[in-house]
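Below is one structure, written out as structure tokens; the observations come after it.
The values are calculated or read from the model by the stated rules, or taken from the named source; none is laboratory data. Nothing here was measured: the structure is a model prediction, and the numbers come from that model. Neighbour counts are summed over all protein chains in view; Cβ atoms, including those assigned to glycine, are modelled from backbone coordinates with ideal geometry.
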Amino acid sequence: MAQAAFSFGLGRIGQIALTITDRARAVAFYRDKLGMRLLFEAPPNLAFFDCDGIRLMLAPAEKPGETFSSILYFRVDDIHKACEALSARGIEFEHPPSRIAQLETHDLWMAFLRDPDRNLLGLMSEVPRSK
């Protein structure tokens, strides 16, 4: 009797890491400016935030001068209101809200900003299309 082949694939993200240079400055930005929930800080220079069930880890580079980054895209219901709220907290947008794609059922809107370490962050909103 033949055995079924083992099938494995990654799917759920548990944690995302971003490189930072100053933990206090990064914590103030993500907690106070972006309004994210700080889970905990750990010695020597780590900070962890909740992103609706996915953990964001902020950590210094393993070696001095190294930077590695991904783009984090945060879902928001109303991208214009979200950008207004963040702008009121002193956030400057590198790219203001704009429609990126017109899809069959919705329009995809995005806006982009940078954190204090120049990591690129995106806001995304899927706006249902009228029929």
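How many of the residues making up segment 34-55 are part of a strand (DSSP E or B) and surrounded by fewer than 16 Cβ atoms within 10 Å (Cβ to Cβ)?
Matching residues across segment 34-55 total 10.
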Looking for something loosely packed, with under 13 Cβ neighbours inside 10 Å, farther than 30 Å from Thr21 by Cβ and either touching a strand residue (DSSP E or B) at 6+ places or on another chain (Cβ under 8 Å) or of a type outside the set (A, V, I, L, M) (or both) - is there at least one such residue anywhere in segment 109-127? no
Based on what the data block shows, is Leu58 more than 29 Å from Pro96 (Cα to Cα) and either out of contact with any Asp or Glu (no Cβ under 9 Å at 6 or more places or on another chain) or assigned to a strand (DSSP E or B) (or both)? no
Conditions (1) loosely packed, with under 12 Cβ neighbours inside 10 Å; (2) under 22 Å from Arg12 (Cβ atoms); (3) at pLDDT below 90; number of the one not met by Leu72: (1)
I'd like to know if segment 51-67 contains one or more residues that are farther than 28 Å from His106 by Cβ, out of contact with any Phe, Trp or Tyr (no Cβ under 6 Å at 6 or more places or on another chain), at pLDDT below 85 and among the hydroxyl-bearing types (Ser, Thr, Tyr). yes
If Ile91 satisfies all but one of (1) surrounded by 15 or more Cβ atoms within 10 Å (Cβ to Cβ); (2) touching a Gly at 6+ places or on another chain (Cβ under 9 Å); (3) β-branched (Val, Ile, Thr), what's the number of the condition it fails? (2)
For segment 93-111, check the following and say yes or no: at least one residue is under 23 Å from Val27 (Cβ atoms), modelled with pLDDT under 90 and part of a strand (DSSP E or B). no
Pairs returned, first residue in segment 1-26 that is more than 23 Å from Ser69 (Cβ to Cβ) and in a loop (DSSP other than H, G, I, E, B), second residue that is of a type in the set (S, T, N, Q) and modelled with pLDDT of 70 or more, beta-carbon separation under 7 angstrom, 6 or more apart or interchain, are none
